[in-house]
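Comments concern the structure below.
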Amino acid sequence: MSNTIVINSSNATSQKHIFNYNFINGSFTCNENTKISVSSVSIPYSWFNISTINNNNKYTLTWIVGSTVTAYPFVIPDGFYTTTNINQFIQQKCLDNGFYLINATGQNVYYFDLSYNVTYYGTQLLLFPIPLSLPVGWTQPSNFAGYPTTAIRCPQFILPGSGSIGSIIGFESNTTYGLLNTPNSQSILSTLTPQGTVVNSVIMRCSLVENNIAMPSDILDSFPITSSFGNNIIYEPSFNKWVKVKSGKYNIFSLSFNDEFGNALPVRDTNILVTLLLKQE
């Protein structure tokens, strides 16, 4: 026969990726032929792709005033960002630091741009030359950073050697992108595959499991991420994948969610619903 176990937010621990289940009768005895499987999982997609924990939240912009090139490092706040969101953050920093002008139609003109390149499965970086003076009919903001004076120059986009957003957008870390002394716009395509997220699938581990041919030996199941950030990931196996349980008497067991490398999944929302089947033969 089999028993159904339901785990939800009431089983959450201070380590949000771990859930503890206490057997109702105080203990449960598992014999040599006890097995466990996942019946269904509903878990919110609530972990960030850019964060301090992931160490992937930094980039630097350069701007030229006179003949002086100054580097401005920035840190993106923890969150889930698409390439479009990252570009919006970059443009906001351009607004804050005066790295833009206003054209004759009243539109802001930015000299940095990141966008998807669907054709090449990559990210496109565009850098535009900063004019030597205010173009006719344009205006400059009150906090405008200034113009180069020695030549028409492009700003640069720099990814540090540690903590850069490079893997998310598909650009190499510890690299400076863009040539300074050029009057031409520059278009640079990412050379790496943009990851978009640091987690591509979820591994479930259970302290009851005895899987001696795997490492770690407590892997219960795994499932892909099938929804967008902020929505529930639903996993319902089409058949029972029974896994051996360690024999013994248990008062409590733990269930944890990890990424494909076994690292703790940095979940922010513990409002899960997991149904497990425990079978004894």
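The values are calculated or read from the model by the stated rules, or taken from the named source; none is laboratory data. All values derive from a computational prediction rather than experimental measurement. All Cβ positions, even for glycine, are placed from backbone atoms using ideal geometry, and neighbour counts span all protein chains on display. Note: accessible area is taken over every heavy atom of the protein model, side chains too, but ligands, DNA and RNA are not part of it. Shrake-Rupley method; radii C 1.70, N 1.55, O 1.52, S 1.80 Å.
Summary table below
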{"quantity": "Pairs, first part of a loop (DSSP other than H, G, I, E, B) in the stretch 90-112, second hydroxyl-bearing (S, T, Y) and open to solvent by 50 Å² or more (accessible area, probe 1.4 Å), C-beta under 9 Å, six or more apart", "calculated": "G98/S142; F99/Y72; N103/T139; A104/T139; G106/T139"}
{"quantity": "Among the residues listed as I169, I165, I130, the single one being more than 13 Å from S190 (Cα to Cα), among the β-branched types (V, I, T), touching a residue at least 40 places away in the same chain (Cβ under 8 Å) and buried (at least 18 other Cβ atoms within 10 Å of the Cβ)", "calculated": "I130"}
{"quantity": "Per-region count, the stretch 14-40, residues farther than 15 Å from M204 by Cα and either surrounded by 14 or more Cβ atoms within 10 Å (Cβ to Cβ) or free of Cβ contacts under 8 Å to residues at least 12 places away in the same chain (or both)", "calculated": "8"}
{"quantity": "Whichever residue in the stretch 192-212 is among the aliphatic types (A, V, I, L, M) and assigned to a loop (DSSP other than H, G, I, E, B) and, among such residues, is surrounded by the fewest Cβ atoms within 10 Å (Cβ to Cβ)", "calculated": "L192"}
{"quantity": "Qualifying positions in the stretch 236-259 - open to solvent by 30 Å² or more (accessible area, probe 1.4 Å), at pLDDT 95 or above and assigned to a strand (DSSP E or B)", "calculated": "S254"}
{"quantity": "Selection status of S167, of a type in the set (G, A, S), outside any loop (DSSP other than H, G, I, E, B) and under 33 Å from the mean Cα position of the chain (by Cα)", "calculated": "yes"}
{"quantity": "Which numbered condition I64 misses (of (1) under 30 Å from I234 (Cβ atoms); (2) open to solvent by less than 10 Å² (accessible area, probe 1.4 Å); (3) not in a loop (DSSP other than H, G, I, E, B))", "calculated": "(1)"}
